[in-house]
Amino acid sequence: MTAREIVIDPVTRVEGHGKITIQLDEKGKVSNARFHVTQFRGFEKFCEGRLFWEMPSIMPRICGICSISHGLASAKACDAILGVEIPDTARKLRELLQAGELIQSHALHFFYLASPDLLLGMDADPKDRNVFRIIDERPELAKMGIGLRRFGQTIFERLSGARIHIDYPIPGGVSGSLSAKDRDFLVAEAKQQLKAAVTGLELARNYIEKGGREVEGFSKFRSMYMGLVGDGGNLEVYDGRLRLKSADGKILEEVPSEQYASIINEGVEGWSYLKFPYYSKQAFPDGMYRVGPLGRLNVCDGIDTPLAKGAAKEFKAAGGNRPVHSTMFYHWARMIELVHFMEKAQQILEDPSICSTDIVRSSQPRNTEGIGVTEAPRGTLIHHYHTNERGVITRVNLIVATGHNNLAMNRSVMEVARQYIDGGQLSEGVLNKFEAAIRCYDPCLSCSTHAVGRMPLTVDVLSPSGKLVQTYSR
Amino acid sequence: MNKVKIATAWLSGCSGCHMSFLNIDEALVDLAGKVEFVRSPIVDSKEFKPCDVAIVEGTVSDTDNLETLKSLRANCKILVALGDCAVFGGMTSFRNLFDPEDVLRRGYVETETTKDGAVPTDLHVPRLLEQATPLSAHVQVDYSIPGCPPHPESILHVVTSLLEGKDPRLPRELLHFDSRIKVRSDAK
């Protein structure tokens, strides 16, 4: 047998398009496995020459799933250019918006996308592993997912009038106040939907418990973890210090988020349009770290809302109070966060000053540089702008959440390839396992791929010269 | 009853239009009984099976996008452009003001945190086209749903009209600049 290459195209969608290739050696053993991202749009260039005021409207168009997060990171960077402290109520409304973002995104991922794998099994026929099958078999669950997702988006809608690409966070604050009527409506909904979130958490935890070693050990590997932490080291997503922990749980770095560039560099590989951030004090690609729900749960000391607090303790105990390295535990961590943000949304809504109309501080720009760092559903999101003295953008640097996990997703693909491909033989089950490994990270758009139908996979087997030898598809 | 076959694809864009499609919420359950999604959304495999309706989001910005669009057009009866990128070029076409080489160099070489970067050129990543263009620059488009993103009601209106064999023209109240609806004025 000669060396050859297997291409799985398309596998899933990350901020665009992706595929997997597997390089086999002469003996049919896996020599390399790669996850390619094949879309590029150029936001870092085409924003040059535009006024910074426009950024919170342009940047959400980076991603239709986490558009709110891009709007928030962008508005924070613009606050810094203005040189203003936004009013307290504006900050709370932004935090409410962000709670809604995490709720809708986590609900979409867990109930629409991951639940078919978790409930029907990774080896189920791909024709059946989709949300429509869940609608047939477990309609109450499907409705919970739809309800939770809609609750998150209702927050956006009540604040801004829209559900995607809202023009609500603006430089210096937010563009509208919350009416008492809308607040009362949202509080009632939050109380109602909390039960669904708790059911999701129970489902995820039971799945992990019942799955035993097979689930625990699936595509597991040690890595560092990164995320924001707030006062007392608690989980924080809107504004905090950037903490990086070693695989053994030692705090390697904890810096104000504006100093992100002192700990992160990005590598580039010719075979992917998604860059590879890494810890700058280690060499590329050794400085791999993971972000997102697993990263946040691993770096924080705890969570400060009642139900999620206990759940986080239980999660940490499962890892012996050291970082949890099981890739499948992303699902568990994601559901703990879902419960936390349901609780947090209610807390914010019940704040006596939440309906205040003091929601924006305006000014002419005082600075020519602004950095906005926040936690998007999939991990740390960084927007960094430079302007001239008139507020015209001269340079933009963006590090998006899915990017931080690029090295780790490639590592996960490699783990699956090594574990399940032997002698160059591919079974349907192996294709499912690639999907399942990547899906743990919830790279943008993997969700919608699965939500309305099945994820089609085509596997091309190529000779070393690139000639097509065989195609597997479903 | 034979189900109507629908394919959806995502070219260069943000997926917000597909998300807006999912925002029909419970109507998704009814729709599932009437249609078969022969390709999941967001998936732009280069080969498409024959289908009744193809719904396409995003601009044509790279060589993969162009191949996908042509294959879809050849295999569908009705092609619908979904959202501003597909209809007009949208925000994705902002890059047309710059040379593609400069756009790529900023992303992969010049950004402050990038170390030892070079523009990806491997055969596994597609080449950028000179310009990012709407679907109509390349193929015949039968219907267009504007909006960034289009409102879920607009998408549902077009899809159900097509299923019922009716004219899918959007009523006046569903045509607006952005995806806002009346909820704002009702609530405040």
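Each reported figure results from applying straightforward, stated rules to the coordinates on display, with no laboratory input. Treat the numbers as computed from the prediction; the structure is a model and nothing was measured. For neighbour counting, all protein chains shown are included, and Cβ atoms are generated from backbone atoms with ideal geometry for every residue, glycine included.
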ask   = When Cβ neighbours within 10 Å are restricted to other protein chains, what is their mean count per residue of peptide A:133-145?
value = 1
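Express in % the proportion of alpha carbon pairs of the protein assembly as shown at distances exceeding 40 Å.
Result for the distance tail: 22 percent.
If the only charges are +1 at each Lys and Arg Cβ and -1 at each Asp and Glu Cβ, what is the size of the charge dipole of segment A:41-155 around the Cα centre, to the nearest 20 debye?
240
Tell me, what is the FRET efficiency for A:Glu389 and B:Asp142 to the nearest 0.05, using R0 = 41 angstrom and their Cβ-Cβ distance as r?
Details: r = 50 Å, r/R0 = 1.22.
For A:Glu389 and B:Asp142, the calculated efficiency is 0.25.
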request  = For segment A:236-265, state which trypsin sites (Lys or Arg not before Pro) are in a DSSP loop and have at most 12 other beta carbons lying within 10 Å of their beta carbon.
outcome  = A:Lys250
note = Site A:Arg50, offset 7 angstrom along Cα→Cβ, radius 20 Å on amide nitrogen, limited to segment A:358-373, gives A:365, A:368-373
request  = Pull out the extension gain between A:Ser356 and A:Lys143, defined as 0.36 nm times the separation in residues minus the alpha carbon to alpha carbon distance; nm, one decimal.
outcome  = 73.3 nm
Net +/- balance of residues flanking A:Leu228 in space, Cβ distance below 11 Å, scoring K and R +1, D and E -1 = -1
key: Candidates per GluC sites (Glu not before Pro) in segment A:84-113, loop by DSSP, up to 16 other Cβ within 10 Å   = A:Glu85
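Order of B:Val53, A:Val339, A:Val360, B:Val4 from fewest to most other C-beta atoms within 10 Å?
Taking fewest neighbouring Cβ atoms as first place, the list is B:Val4, A:Val360, B:Val53, A:Val339.
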Cα-centre dipole for segment B:45-92 with unit charges at Cβ (Lys and Arg positive, Asp and Glu negative), debye to 20 = 220
ask   = Rounded, prolate or oblate: which fits segment A:67-112 when a ≥ b ≥ c are the square roots of the eigenvalues of the alpha-carbon gyration tensor, with rounded for a/c under 1.5 and prolate only if a/b beats b/c?
value = oblate
ask   = What dipole magnitude, in Debye to the nearest 20, does chain A give about its Cα centre under +1 on Lys/Arg Cβ and -1 on Asp/Glu Cβ?
value = 560
Percent antiparallel among DSSP beta bridges (both partners in the protein assembly as shown, rounded to 5) = 70
message = For A:Met335, A:Met224, which order do you get if you count the other beta carbons within 10 Å of each Cβ and list the fewest first?
response = A:Met224, A:Met335
task = Find the relative contact order for chain A and round it to a whole percent, using C-alpha pairs within less than 8 Å whose residues are 6+ positions apart.
result = 27
key: For B:Leu129, residues with placed amide H under 5 Å, excluding near neighbours   = B:Asp62, B:Thr63
request  = Taking amide H positions as placed in the peptide plane 1.01 Å from N, state which residues far from A:Ala33 in sequence (5 or more) or on other chains have amide H under 5 Å from it.
outcome  = A:Gln23
request  = Specify whether the C-alpha gyration tensor of segment A:207-273 places it in the rounded, prolate or oblate class, a ≥ b ≥ c being the square roots of the eigenvalues: rounded for a/c under 1.5, otherwise prolate if a/b is larger than b/c and oblate if not.
outcome  = oblate
ask   = For B:62-75, what's the mean count of beta carbons from other chains sitting within 10 Å of each residue's beta carbon?
value = 1
ask   = Along segment A:232-241, what does the Karplus equation 6.51 cos²θ - 1.76 cosθ + 1.60 (θ = phi - 60°) give for ³J(HN,Hα), rounded to whole Hz, x for Gly and Pro?
value = x, x, 6, 3, 8, 10, 7, 7, x, 8
note = For the B:Asp122, B:Lys77 Cβ pair and Förster radius 45 Å, calculated FRET efficiency rounded to 0.05 is 0.80
ask   = Just going by the charge dipole of chain B, with Lys and Arg at +1 and Asp and Glu at -1 on Cβ, which of B:Pro50, B:Asn2, B:Leu104 is farthest out on the positive end?
value = B:Asn2
note = By the C-alpha gyration tensor axes a ≥ b ≥ c (rounded if a/c is under 1.5, else prolate when a/b exceeds b/c, else oblate), the shape of segment A:336-427 is oblate
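Among the listed pairs A:Lys210/A:Lys309; A:Lys220/A:Lys245; A:Lys76/A:Lys313; A:Lys210/B:Lys34; A:Lys92/A:Lys281; A:Lys313/B:Lys115, which are separated by more than 27 Å between their Cα atoms? Spell out each step's value before the answer.
Working: A:Lys210/A:Lys309 23 Å; A:Lys220/A:Lys245 17 Å; A:Lys76/A:Lys313 31 Å; A:Lys210/B:Lys34 37 Å; A:Lys92/A:Lys281 36 Å; A:Lys313/B:Lys115 39 Å.
Table pairs above 27 Å Cα-Cα are A:Lys76/A:Lys313; A:Lys210/B:Lys34; A:Lys92/A:Lys281; A:Lys313/B:Lys115.
Which whole number gives the average count of other chain Cβ atoms within 10 Å of the Cβ atoms across peptide A:203-214? Walk me through the numbers on the way to the answer.
Numbers: counts 0, 0, 0, 0, 0, 0, 0, 0, 0, 0, 0, 0.
Taking the mean over all residues of the peptide, I get 0.
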note = When the charge dipole of the protein assembly as shown is computed with +1 on Lys and Arg Cβ and -1 on Asp and Glu Cβ about the Cα centre, the Cα farthest towards its positive end, among B:Cys76, A:Trp53, B:Pro126, belongs to B:Cys76
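Just want the ordering: A:Ser175, A:Ser74, from fewest to most Cβ atoms lying within 10 Å of their own Cβ. If you can, show how the numbers build up before the last one.
Numbers: A:Ser175 17, A:Ser74 31.
By the 10 Å Cβ count, ascending: A:Ser175, A:Ser74.
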inquiry  = Run lengths n ≥ 4 of DSSP H only: what is the helix-derived mean residue ellipticity at 222 nm for chain A, with -39500 (n - 2.57) per run over all residues, to the nearest 500?
reply    = -13000 deg cm²/dmol
remark   = Phi angles of segment A:202-210, converted by Karplus (6.51 cos²θ - 1.76 cosθ + 1.60, θ = phi - 60°) into ³J(HN,Hα) in whole Hz with x for Gly and Pro, give 5, 4, 5, 5, 4, 4, 5, 4, 5
ask   = How many nm is it between the label spots at B:Val109 and B:Glu67, if each spot is 7 Å from the Cα in line with the beta carbon?
value = 2.6
remark   = With x for Gly and Pro, the residue-by-residue ³J(HN,Hα) of segment B:67-79, computed from phi through the Karplus equation 6.51 cos²θ - 1.76 cosθ + 1.60 at θ = phi - 60° and given in whole Hz, is 5, 4, 4, 5, 5, 4, 4, 5, 10, 10, 8, 10, 10
